[in-house]
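The values are calculated or read from the model by the stated rules, or taken from the named source; none is laboratory data. Worth saying up front: this structure is predicted, and the values here are computed from it rather than measured. So basically every Cβ, Gly included, is an ideal-geometry build from the backbone, and we count neighbours across all protein chains shown. Areas reflect the complete protein model, heavy atoms only, side chains present, ligands, DNA and RNA absent. Shrake-Rupley method; radii C 1.70, N 1.55, O 1.52, S 1.80 Å.
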Amino acid sequence: MKLIDGKIISEHIKQQVIAQVNDIKAQGIEPCLAVIIVGDDFASRTYVNNKKKTCDYVGIKSLEYALPESTTQEELLELVEKLNADKSVHGILCQLPIPKHIDEKIILNAIAPEKDVDAFHPVNAGHIMIGDGVLRPCTPAGIMEMLKYEGIDVAGKNCVVIGRSNIVGKPMAMLLINASGTVTVCNSKTQNLAEITKKADILVAAVGKAKFVTADMVKEGAVVIDVGMNRDEDGKRCGDVDFEAVKEKASHITPVPGGVGLMTVAMLMENTVTAAKMQNLKG
Ligand code: NAP
């Protein structure tokens, strides 16, 4: 079994981003990411702090807009519009989840597609579907980078994705299809899940249930990618895969923590520098 080390691969991506940042700074452009956080969700605060820290590390300027829970949809939309119009801001992200009295879809759709560094806007989702997406959703894009780094060719492989969310499962399936994988996407209504997952050469688990993927669901020699971020019965961080048992069967496996999560942040940095280039170096 080979561990796919998110620490090493995300550092590799970050070094590439640093080189690009230096390059565009030399042309007088300072890449800038605006991060909006509404309310005081503890996990969201941790994610936002981590994103800001990584911005500092790679040399991207970060702006934080921390708004109170009581913020109205109109106020949030106003901020998004202001950031859309600000030429010195290249990326905008609104940390999810946002409070229930605000329509998440309306906010995500209001972010200008060229500044949508999470790539959640329908325009960017459409580009991913067509196969010409420049801004790719960070988690699936990070997984593709992991596969590439490890020399795992997706073409011709049976790929199974468990989960069909707009953030992970669906775009993951699209990127695997674009890489010529033969892709099956499962959801909570899927019948005989284990029969399907056992055929996977590449298995991606994006379910949100601790240790959901057990060894009997995995083919000998499969590549197993664990997107889950959960807590086990002892409150310890764990993924969707029963790592200890599955690692005995997998040819490659990502750990949690230390796997996909680190890639997500690295790809956000890459998207921000890409967005800055797109907005400034046209033609
Ligand atoms: P989500 O929106 O809750 O989607 C979960 C998906 O799993 C749904 O499509 C659901 O099916 C499916 N599912 C649930 N039970 C199932 C079952 N018994 N059999 C087959 N499929 C089942 O979650 P998400 O946003 O995609 O996130 C998934 C996990 O990844 C979470 O743990 C999240 O915290 C983590 N995550 C990690 C990162 C990272 O950077 N590492 C980024 C994003 C998310 P239905 O559609 O039928 O309900």
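Counting Lys and Arg as +1 and Asp and Glu as -1, each charge on the Cβ, what is the dipole of the chain about the Cα centre in debye, to the nearest 20?
That gives a dipole near 440 debye.
Where does the charge balance sit around residue 158 when Lys and Arg score +1, Asp and Glu -1, over other residues with C-beta under 11 Å from its C-beta?
Once all neighbours under 11 Å are counted, the net charge is +3.
Take the Cβ-Cβ distance between residue 123 and residue 214 as r, set R0 to 35 Å, and report the resulting FRET efficiency rounded to the nearest 0.05.
Efficiency, from the Cβ-Cβ distance: 0.35.
Nearest 10 degrees is fine. How inclined is helix 42-58 to the longest principal axis of the chain, computing both from alpha carbons?
70 degrees
Go ahead and set up a Gaussian network model of the chain, Cα springs under 10 Å, then flag whichever of 54, 139, 264 fluctuates most.
For the chain, modelled as a Gaussian network with Cα springs under 10 Å, the answer is 54.
Leaving out ligands, DNA and RNA, and with a 1.4 Å probe, what % of the accessible surface on segment 29-113 is carbon or sulfur?
Accessible surface attributable to carbon and sulfur in segment 29-113 totals 55 percent.
To the nearest 20 debye, what charge dipole does segment 29-113 have about its Cα centre, counting +1 at the Cβ of each Lys and Arg and -1 at the Cβ of each Asp and Glu?
It comes to approximately 360 debye.
Cross-link candidates for residue 87: which lysines have Cα within less than 25 Å, leaving aside residues fewer than 8 places away along the same chain?
Result set, ordered by chain and number: 14, 25, 51, 52, 53, 61, 105, 115, 277, 282.
Accessible surface of residue 214 in the full protein assembly, 1.4 angstrom probe, to the nearest 10 Å²?
Residue 214 exposes around 50 Å² with every protein chain in place.
Scale the Cα Rg of segment 1-72 by the rule-of-thumb value 2.2 N^0.38 Å and send over the ratio, two decimals.
Ratio of Rg to 2.2 N^0.38 Å for segment 1-72: 1.39.
Among 230, 163, 254, pick out the residue whose Cα is farthest towards the positive end of the charge dipole of segment 138-261, where Lys and Arg carry +1 and Asp and Glu carry -1 on C-beta, about the Cα centre.
Going by the Cα projections, it comes out as 163.
What does the charge dipole of segment 103-238 about its Cα centre add up to, to the nearest 20 debye, if the Cβ of each Lys and Arg holds +1 and the Cβ of each Asp and Glu holds -1?
260 debye
For a test of the definition: using alpha carbon positions, the gyration tensor, and the 1.5 limit on a/c, classify segment 138-261 as rounded, prolate or oblate.
Since a/c stays below 1.5, the shape of segment 138-261 is classed as rounded.
Helix 169-178 versus the longest principal axis of the chain: what is the Cα-based angle in degrees, 0 to 90, to the nearest 10?
80 degrees
Running a GNM on the chain with Cα contacts under 10 Å, which residue among 68, 255, 113 ends up with the highest mean-square fluctuation?
68
Rounded, prolate or oblate: which one fits segment 72-125, using the alpha carbon gyration tensor with axes a ≥ b ≥ c (rounded when a/c is under 1.5, else prolate when a/b beats b/c, else oblate)?
The shape class here is oblate.
Can you put 220, 145 in order of accessible area, largest first, using a 1.4 Å probe?
Greatest to least solvent exposure: 220, 145.
Pop out the Kirkwood hydrodynamic radius of the chain from its pairwise C-alpha distances, inverse of mean 1/r, in Å to one decimal.
This gives a value of 19.4 Å.
Order 173-182, 228-237, 269-278, 77-86 from most to least packed using the mean count of other Cβ atoms within 10 Å.
Going by the mean number of other Cβ atoms within 10 Å, highest first, we get 269-278, 173-182, 77-86, 228-237.
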